[in-house]
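Just so it is clear, none of the values below were taken in a lab; they were calculated from the coordinates. Values in this document were obtained by computation on a predicted structure and should not be read as measured data. Here the Cβ positions follow ideal geometry from the backbone for every residue, glycine too, while neighbour counts run over all protein chains shown.
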């Protein structure tokens with residue numbers, strides 16, 4: 001991160017969590033223009049995030065959901081449990097129809113897609129620091145419609161999957177083997193196979209090859 005001027009006394013502390021240094025750098029430069037905000041920490045992995053949070057407690061953490069193949073949802077839950085005063089804003093390439101509600105359930109206070117103007121991220125930071133929940137207008141309408149209709153999914157084909165199944169599904173799409181997924185999630189290969197079976201059933205897929213292709217296509221669509 002480029003060295004910035006000394007933060008103004010009373011500025012709110014911001015942590016940036018993204019596995020792309022260029023993304024962090026660009027956002028840090030933009031935040032440096034805000035007199036009431038100061039980037040105090042940056043991290044690119046889940047482990048680095050949790051380690052750095054031991055040194056400084058930010059007011060808000062801007063978190064990507066994909067961190068070198070690790071789960072941003074699990075990280076949000078960890079932050080919420082260990083540092084309840086840290087407000088989390090998710091900034092992600094992932095479709096908000098699939099991940100916005102999941103992120104809020106995990107403990108985030110806002111969700112913004114990276115394709116939005118970068119200046120909107122600053123608006124979102126200010127909003128959640130003011131105690132508001134930040135979502136795009138369309139996502140807010142979808143959640144209201146979903147609540148009014150008793151849980152309609154508004155066309156999200158993956159809404160039937162649990163958070164853990166989403167994690168497994170994404171790793172399958174990134175070409176991870178059953179053993180690699182098991183090692184990464186600290187579960188048994190048998191449990192991974194159980195997740196694979198349930199995902200196939202929920203998505204109406206008949207074979208492992210169909211599951212692999214569906215997951216691969218989904219991951220590519222998100223990028």
Exposure proxy order (Cβ contacts within 10 Å, fewest to most) of 119, 49, 186: 186, 119, 49
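Could you tell me what percent of the DSSP beta bridges with both partners in the chain are antiparallel, to the nearest 5? Before the final figure, lay out each step's value.
On the way: 2 of 21 bridges.
Of all bridge pairs located within the chain, approximately 10 percent are antiparallel.
Going by how many other beta carbons lie within 10 Å of each one, how would you line up 165, 132, fewest first?
Numbers: 165 17, 132 12.
Lowest to highest Cβ neighbour count: 132, 165.
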Least to most buried among 134, 216 (fewest other Cβ within 10 Å first): 216, 134
Relative contact order %, the chain, counting alpha carbon pairs below 8 Å whose residues are six or more apart: 13
Angle between the chain longest axis and helix 189-203 axis [Cα atoms, degrees, rounded to 10]: 80
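Hey, what D do you get for the chain in µm²/s if you plug the Kirkwood alpha-carbon radius into Stokes-Einstein at 37 °C and 0.692 mPa s? It would help to have the intermediate numbers written out before the result.
Working: Rh = 18.4 Å.
Result for D is 179 µm²/s.
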